[in-house]
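Q: My questions will all concern the structure given below.
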Amino acid sequence: MENLTLGQNGPVVTPLCIGTWAWGDKLFWNYGNAYGPEQLQEAFTAALEAGITFFDTAEIYGMGLSEKFLGQFLQQTQQPVQIATKFGPLPWRFTAQSVSDALTASLKRLQLERIALYQVHWPFAFFLSQETLMNALADEVKEGRIGAVGVSNYSAEQMRDAHQILAARGVPLAVNQVRYSLLTRQIESKGILATARELGVTILAYSPLAQGLLTGKYSIDSVETPTGARKIDPRFKKEGLQKIAPVISLLRNFGEKYDRTPAQVALNWLIAQGNVIPIAGVKTAEHVRQNAGALGWKLSDDEIGELELVSRSWL
């Protein structure tokens with residue numbers, strides 16, 4: 001497994017990240033129904049056993065529960081683990097102190113004195129200017145409470161602005177966490193990927209399996225019916241599933257060749273883009289083991305090109 005440096009000189013992390021949005025979240029993920037603390041503990045352990053030590057969370061996931069679970073699980077291992085969490089620029093947060101207070105609260109829940117990566121969850125900051133926000137984060141880097149600074153859902157221009165403000169303080173922008181998969185390639189057409197490469201910013205790709213569409217589990221003939229938010233997503237309706245059929249078919253073909261699942265091939269394609277780390281959400285140890293199958297092998301250049309071609313509709 002080839003580890004990656006976040007940004008120019010950020011923490012060194014594994015090429016796959018474990019997403020923990022579902023850890024404690026009842027609103028979107030039905031936490032407490034079919035999975036609970038025991039399954040999450042097993043998932044955490046399975047990740048470490050697979051050599052994956054990079055976890056992404058946020059203060060709003062499960063209203064702080066996701067961070068608390070990670071904090072508890074971290075106490076039970078001596079293994080070095082890299083945690084990324086996120087600050088939400090909410091309407092009542094408009095001072096540098098509010099950034100510092102939010103970080104303090106996250107560190108307390110995580111039972112840590114320092115976070116490897118602290119990200120701004122979205123670019124719309126209400127009354128908090130990017131200048132104030134980025135300088136507050138730079139202050140925390142100097143204080144030693146943040147290893148690296150990241151943003152999330154930032155456009156190419158917003159990323160460039162954040163990079164510039166931080167650079168004036170001698171702090172590189174390490175990551176931009178954005179939606180990216182074979183079925184959501186807008187970061188390529190909107191210049192986000194190219195700008196990230198130019199600035200030396202790593203892309204953390206969330207929803208890398210397009211909410212499960214790239215697992216091959218959902219198809220026109222499938223008995224699997226979408227639940228939760230997927231029920232109202234048009235991509236899970238008949239027309240949407242017909243449109244993605246050629247992509248799934250190619251993922252299956254390559255999967256048979258390498259003895260991998262469509263999901264593992266889809267994750268491998270993202271890793272092959274270079275300086276891109278997929279964040280694979282998990283609820284159970286089995287989810288972790290499935291996702292870990294994306295590592296330790298590589299698609300050929302021709303296969304990467306074929307998948308690029310078949311998924312051009314989603315640029």
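The values are calculated or read from the model by the stated rules, or taken from the named source; none is laboratory data. All values derive from a computational prediction rather than experimental measurement. Backbone-built Cβ (ideal geometry, glycine too); neighbour counts: all protein chains shown. All accessible areas refer to the heavy atoms of the entire protein, side chains included, with ligands and DNA or RNA removed. Shrake-Rupley method; radii C 1.70, N 1.55, O 1.52, S 1.80 Å.
Q: I need the shape label for the stretch 249-315. Rule: rounded when a/c is under 1.5, else prolate if a/b > b/c, else oblate, with a, b, c from the alpha carbon gyration tensor. Could you put the intermediate results ahead of the total?
A: Working: a/c = 1.74, a/b = 1.45, b/c = 1.20.
Prolate, since a/c reaches 1.5 and a/b exceeds b/c.
Q: Would you kindly find the accessible area of Met1, with a 1.4 Å probe and non-protein molecules such as ligands, DNA and RNA excluded, rounding to the nearest 10 Å²?
A: 120
Q: Also: May I ask you to give the percent of accessible area on the stretch 171-276 that is carbon plus sulfur, with a probe radius of 1.4 Å?
A: 52
Q: Is the stretch 128-213 best put as rounded, prolate or oblate by its Cα gyration tensor, with a ≥ b ≥ c the root eigenvalues, rounded for a/c under 1.5, and otherwise prolate when a/b is larger than b/c, oblate when not?
A: prolate
Q: Who wins for biggest fluctuation among Leu27, Leu166, Leu74 in a Gaussian network model of the chain, springs between alpha carbons below 10 Å?
A: The residue that fluctuates most here is Leu27.
Q: A further question on this structure: Give the angle, between 0 and 90 degrees and rounded to the nearest 10, that separates the Cα long axis of helix 238-258 from the longest principal axis of the Cα atoms of the chain.
A: So the inclination is approximately 90 degrees.
Q: Whole-Å semi-axes of the stretch 9-72's equivalent ellipsoid, largest first, each the root of 5 times a Cα gyration tensor eigenvalue?
A: Calculated on Cα positions only, the semi-axes equal 21, 14, 9 Å.
Q: Using amide H atoms built in the peptide plane, which far-off residues or other-chain residues are under 5 Å from Ile115 H to H?
A: When sequence neighbours closer than 5 places are left aside, the close amide H contacts are Ile146, Gly147.
Q: Right, another one. Quick one: grab the alpha carbon gyration tensor of the stretch 66-125, order the square roots of its eigenvalues as a ≥ b ≥ c, and give me rounded if a/c is under 1.5, else prolate or oblate depending on whether a/b is larger than b/c.
A: prolate
Q: Could I ask something else about it? Count of lysine pairs in the chain with Cα atoms under 18 Å apart, counting only pairs 8 or more residues apart in sequence or on different chains?
A: So the count works out to 14.
Q: If you stretched the chain out fully between Gln97 and Glu143, how much longer would it get, using 0.36 nm times the residue separation minus the C-alpha to C-alpha distance?
A: Length gained between Gln97 and Glu143: 15.2 nm.
Q: Also, quick follow-up: Would you tally the net charge around Tyr258, using a Cβ to Cβ cut-off of less than 13 Å, leaving Tyr258 out, and scoring K and R as +1, D and E as -1?
A: So the surrounding residues net to +1.
Q: Once you've got the GNM for the chain with C-alpha springs shorter than 10 Å, pick whichever of Asn33, Asn176, Asn291 has the biggest mean-square fluctuation.
A: Maximum fluctuation in the GNM of the chain, among the listed residues, is at Asn33.
Q: In degrees from 0 to 90, rounded to the nearest 10, what is the angle of the helix 130-143 Cα long axis to the longest principal axis of the chain?
A: Rounded to the nearest ten degrees, it is 80.
Q: Report, in degrees rounded to the nearest 10, the 0 to 90 angle that the Cα long axis of helix 37-49 makes with the longest principal axis of the chain.
A: The two axes meet at around 90 degrees.
Q: List the relative contact order of the stretch 212-315 as a percent without decimals, with contacts defined as Cα pairs under 8 Å and 6+ residues apart.
A: 24
Q: Taking every DSSP beta bridge with both residues inside the chain, roughly what % is antiparallel (nearest 5)?
A: 10
Q: Then there is this: Compute, for Glu239, the solvent-accessible surface of its heavy atoms (probe 1.4 Å) with the complete set of protein chains present, and express it in square angstrom to the nearest 10.
A: Accessible area of Glu239: about 130 Å².
Q: Based on the Cβ-Cβ distance of Gln72 and Ser249, what FRET efficiency does E = 1/(1 + (r/R0)^6) give at R0 = 45 Å, to the nearest 0.05?
A: 0.60
Q: Can you give me the Cα centroid spacing of the stretch 1-32 and the stretch 265-312 in angstrom?
A: 15
Q: What residue among Asn275, Asn135, Asn253 shows peak mean-square fluctuation when the chain is described by a Gaussian network model with Cα springs under 10 Å?
A: Asn253
Q: Something else: Which value, in Å², gives the accessible area per residue of the stretch 97-255 when a 1.4 Å probe is used on the protein heavy atoms?
A: Details: 7050 Å² over 159 residues.
That works out to 44 Å² for each residue.
Q: Take the solvent-accessible surface of the protein heavy atoms, probe 1.4 Å, and return the percent of it on the stretch 1-149 that carbon and sulfur atoms account for.
A: Using a 1.4 Å probe with all protein chains present, the stretch 1-149 comes out at 53 percent carbon and sulfur.
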